[in-house]
Amino acid sequence: MNKNKLMGWSVLGLVLFLSLFFAAGCNRESTPAAEKVTLLLDWNPNTNYSGLFVARDRGYYLEEGLEVEIEEAGGNVVPLVATDKAQFGISYQEQVTFARANDSIPVVSIGTILQHNTSGFASLKDRNIMTVADFEGKSYGSWGTEVEEATIKALMDKVGADFDQVSIVTVGEADLFAVIERLADFAWIYYGWDGIEAELKGLELNYMPLRDLDRALDYYTPLIISSETIIDEQPELVEKFMRATAKGYRLAIENPAEAAEILLQNAPELDRELVMASQEWLKDRYQEDAEVWGLQKKEVWDNYSRWLHDQGLIAEMLDVDRAFTNDFIR
């Protein structure tokens, strides 16, 4: 190879190197950093939240340009979201209703995680609590909220039973099985977790789903909230977040075992058998009879708001059109 030819190849190599170098630089500049977003959980990690962890760990949020931090709130999620400490949070219809109707806190439900209320009253078989009327003479293990007593009283009034014959025992967040085996006769449980755990333990329960006791009690719990400010000023952020979240829940519906594995990777302290069984039970309940996952009905908000108003728990009827939106559900 002569000197001129060698020099030619050297120049060509240098040109190629500089082209690649500048191209790489341009690509870095043209790829915007993912937007940091915080999502607050209202409870310890469990299968209700699986779709959120799936959306993060499978990269669905990153596909939308979002870097989502999932954190446990360690307190009431609503004021934290309302004051922009986090863009999104997990809450429930009752909490959103109280926040808006009683305290004028501008949070909005942007999607329900479960299509129907899966909570209800549970007791051991040998307590013989088969109906609401059987609450008479029994003790109730309470978290200590006003709405619990109002709910039990309203249901007992409806069937002509005497609420004054129920003994309320405040147990706080005590273990369910300690409550119904030693501290009280019946308790309010979420079947998708507590009920499944009872099944795995071989405990026979009498269980009364709230949705079967009164149509108004078939409300949304849990659901996803944001603030009016975020929705008004950054609708594209909400749309991207919910699009990725819905994709996460669709995977949890179609492949519960994979969703359960992802939850376990994020919360290895959870009981593996319980997570697997709970995820299998919930897969048919995330969307259930709705057209798409996350969709909310106005009548559900109307019914529960009116019921809370009738019990004197909210002073004014809720403006439900401002309390929830389906604008980000696809």
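Computed values, structure above
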quantity: Of all accessible heavy-atom area on the chain, the percent that carbon and sulfur account for (1.4 Å); calculated: 49
quantity: Unit charges on C-beta of K, R, D, E only; dipole of segment 206-330, Debye; calculated: 180
quantity: Computed FRET value (nearest 0.05) for E149 with K85, which takes r as the C-beta separation and R₀ as 22 Å; calculated: 0.10
quantity: Phi to ³J(HN,Hα) by Karplus 6.51 cos²θ - 1.76 cosθ + 1.60 over segment 276-291, Hz, x for Gly, Pro; calculated: 4, 5, 5, 4, 5, 5, 7, 4, 8, 10, 4, 9, 6, 9, 7, 5
quantity: Estimated D of segment 85-166 in µm² per second, where Rh is the Kirkwood radius over Cα pairs and Stokes-Einstein applies at 20 °C, 1.002 mPa s; calculated: 140
quantity: Surface accessible to a 1.4 Å probe, per residue, for the residues of the chain, Å²; calculated: 48
quantity: Beta bridge orientation in the chain: antiparallel %, DSSP, nearest 5; calculated: 55
quantity: Point-to-point label distance, L200-E233, nm (Cα→Cβ direction, 7 Å offset); calculated: 4.3
quantity: Segment 269-330: equivalent-ellipsoid semi-axes (sqrt of 5 x gyration tensor eigenvalues, Cα, Å); calculated: 31, 18, 10
quantity: Tilt relative to the chain, helix 3-30 - C-alpha long axis, 0 to 90 degrees, to 10; calculated: 20
quantity: Inverse of mean 1/r across different Cα pairs in the chain, Kirkwood, Å; calculated: 22.0
quantity: A290 versus K125: modelled label distance in nm, points set 7 Å from Cα along the beta carbon direction; calculated: 3.5
quantity: MRE, 222 nm, helices only [DSSP H, n ≥ 4, -39500 (n - 2.57), over the chain, to nearest 500]; calculated: -13000 deg cm²/dmol
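The values are calculated or read from the model by the stated rules, or taken from the named source; none is laboratory data. These numbers were taken from a predicted model, which means no experiment stands behind them. Glycine also receives a Cβ, built like all others from the backbone with ideal geometry; neighbour counts cover every protein chain displayed. Only protein heavy atoms, including side chains, enter the accessible area calculation; ligands, DNA and RNA are left aside. Shrake-Rupley method; radii C 1.70, N 1.55, O 1.52, S 1.80 Å.
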